[in-house]
Each structure stands twice: as structure tokens, then as C-alpha cells.
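The structure under discussion appears below in the form of C-alpha cells.
The values are calculated or read from the model by the stated rules, or taken from the named source; none is laboratory data. Quick caveat, the model's predicted, so the values are computed rather than measured. When we count neighbours, we look across all protein chains shown, and the Cβ atoms used for this are built from the backbone with ideal geometry, even at glycine. These area figures cover heavy atoms from the full protein model, side chains too; ligands, DNA and RNA do not enter into them. Shrake-Rupley method; radii C 1.70, N 1.55, O 1.52, S 1.80 Å.
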Amino acid sequence: GESVGLHLPTLSVQEGDNSIINCAYSNSASDYFIWYKQESGKGPQFIIDIRSNMDKRQGQRVTVLLNKTVKHLSLQIAATQPGDSAVYFCAENPVYNQGGKLIFGQGTELSVKP
Amino acid sequence: DTEVTQTPKHLVMGMTNKKSLKCEQHMGHRAMYWYKQKAKKPPELMFVYSYEKLSINESVPSRFSPECPNSSLLNLHLHALQPEDSALYLCASSQVTGAKDTQYFGPGTRLTVL
């Protein structure tokens with residue numbers, strides 16, 4: 001299953017399928033990008049990050065892709081599990097930002113059906 | 001260890017009460033943050049402390065008063081709050097406030113103002 005971030009804030013997938021969560025960012029000066037997972041009633045949890053000198057970064061079952069040409073970021077989750085159900089936020093950190101102010105996307109809610 | 005702790009987990013207060021939220025990290029981070037988060041929305045930055053000095057105040061009403069007693073602790077003092085201040089209050093920390101520093105979040109304090 002695939003979301004388009006702002007335009008489709010909810011993504012429902014079957015357990016075992018791959019999930020793709022998308023994020024469009026606006027600032028071409030952004031140099032560093034982070035994906036957070038937030039489960040109900042908890043704080044955002046760091047999943048994976050990527051710097052602007054990379055196109056792809058892989059973690060455990062997750063891959064982040066960065067397309068600077070179209071200012072697009074995606075998070076791919078392989079073999080999605082019920083424990084992956086959460087809201088996923090992308091965040092960008094502009095290169096000029098020395099104050100620590102992250103720019104968050106609106107979030108995508110991932111729902112995994114058993 | 002990337003743990004940020006927050007107390008209390010839940011807080012219910014009246015509009016005339018004074019209460020405080022507490023945040024602690026032992027990662028040696030020199031930047032600490034307060035965020036406010038409404039349901040299904042991204043976190044909104046309130047305050048940033050860098051090396052125990054307030055560096056960003058996002059035009060937060062004076063009924064919210066931050067304090068950073070030392071490099072590991074961050075407090076948020078609350079007084080004369082309004083019902084619309086009910087939200088999840090998140091603390092985060094990062095090594096410094098640079099453009100490539102990951103912010104790690106605590107579990108949050110769920111605040112209800114009656």
C-alpha cells in the first residue's frame with residue numbers, strides 16, 4: 001500500500017505487505033531528514049534519518065528514499081506487522097537552521113490489518 | 001541509550017492551579033525542547049534551550065514558563081491555563097541545536113485542563 005502524505009493521511013495495509021509512506025518537503029535548503037513513528041499515547045520515536053548527500057538509507061525492515069529533484073521523501077516498511085500501526089511523521093532540518101527548529105509533515109496514519 | 005523521561009505521565013488541573021512538568025535526559029545533550037501536540041497533529045515547538053539558555057520562544061503565552069536548572073533537566077511551569085491548553089506535552093533533546101542533530105523525544109505528559 002502507498003500514501004501520498006498530505007493528500008491521503010490514512011494508509012491501510014494487510015499484514016505482510018510492504019508499506020510506502022510519502023512526504024513532500026518544501027525547503028530546498030533542507031539538509032537532514034528524519035522519520036518518526038508515534039504510537040497511540042506515546043512520544044515520537046526515531047526510526048531512521050538521511051542526509052541530503054544520500055539517496056537511500058536502509059535500516060531494519062525500513063528504507064528511506066530521498067529525491068531532491070522533486071523534494072520528495074518516502075519511508076518503505078517491508079513485511080508490515082500489526083506493531084507497525086502508528087502515525088508516521090517526516091521532519092526536515094534546513095541547513096541554515098542553527099536553532100533546532102524541525103519542520104514536521106502532517107503525518108500519515110498506518111493501519112495494519114491482521 | 002536515547003532515553004528522555006518525563007513526569008508525570010498524566011496531569012489534570014483546574015484553571016487556577018499551578019503545576020510543573022519535568023523532563024530529564026542523561027545523554028549529555030546540550031539542547032532541550034518543549035513541544036505541544038494536539039491529537040493527530042504534528043508536534044508544535046514551544047521553547048528551545050541551548051547550553052541551559054533559552055534560545056527560542058515561539059511566542060508562547062506567559063502562562064507557560066520554562067526553566068532549565070542544569071544540562072540534564074528541563075521544567076515547564078504551568079499557571080492559569082485554559083481548557084484549550086489541554087494537549088500532550090513533549091520534551092526532546094539533541095546533542096546541540098545544529099542542522100544535523102537528531103532530536104529524541106520523551107513519552108510526553110498528557111495534560112487536561114478543566
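Results, tabulated for the structure shown:
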| item | result |
| --- | --- |
| Condition broken by residue B:102, with the remaining ones in (1) under 30 Å from residue A:111 (Cα atoms); (2) open to solvent by 50 Å² or more (accessible area, probe 1.4 Å) satisfied | (2) |
| Index of the failed condition, residue B:55 passing every other in (1) free of Cβ contacts under 8 Å to residues at least 40 places away in the same chain; (2) surrounded by fewer than 20 Cβ atoms within 10 Å (Cβ to Cβ); (3) under 27 Å from residue A:49 (Cβ atoms) | (1) |
| Strands (runs of 3 or more DSSP E) (entirely within segment A:23-114) containing at least 1 residues that are among the small types (Gly, Ala, Ser) | A:30-38, A:72-77, A:86-94, A:108-113 |
| Of all residues in segment A:21-40 being modelled with pLDDT of 90 or more and surrounded by fewer than 19 Cβ atoms within 10 Å (Cβ to Cβ), the one that is nearest to the chain's Cα centre (by Cα) | A:24 |
| Residue satisfying all of: in segment B:89-98; farther than 9 Å from residue B:32 by Cα and open to solvent by less than 10 Å² (accessible area, probe 1.4 Å); nearest to the other protein chains (Cβ to nearest Cβ) among these | B:90 |
| Listing of strands (runs of 3 or more DSSP E) fully contained in segment B:12-71 that carry 2 or more residues being away from chain A (no Cβ under 14 Å) | B:18-25, B:64-70 |
| Answer from B:19, B:36 - the residue that is more than 20 Å from residue A:100 (Cβ to Cβ), of a type in the set (Lys, Arg) and surrounded by 15 or more Cβ atoms within 10 Å (Cβ to Cβ) | B:19 |
| Some residue of segment A:56-64 being crowded, with 19+ Cβ neighbours inside 10 Å and either under 30 Å from residue B:55 (Cβ atoms) or of a type in the set (Phe, Trp, Tyr) (or both) | yes |
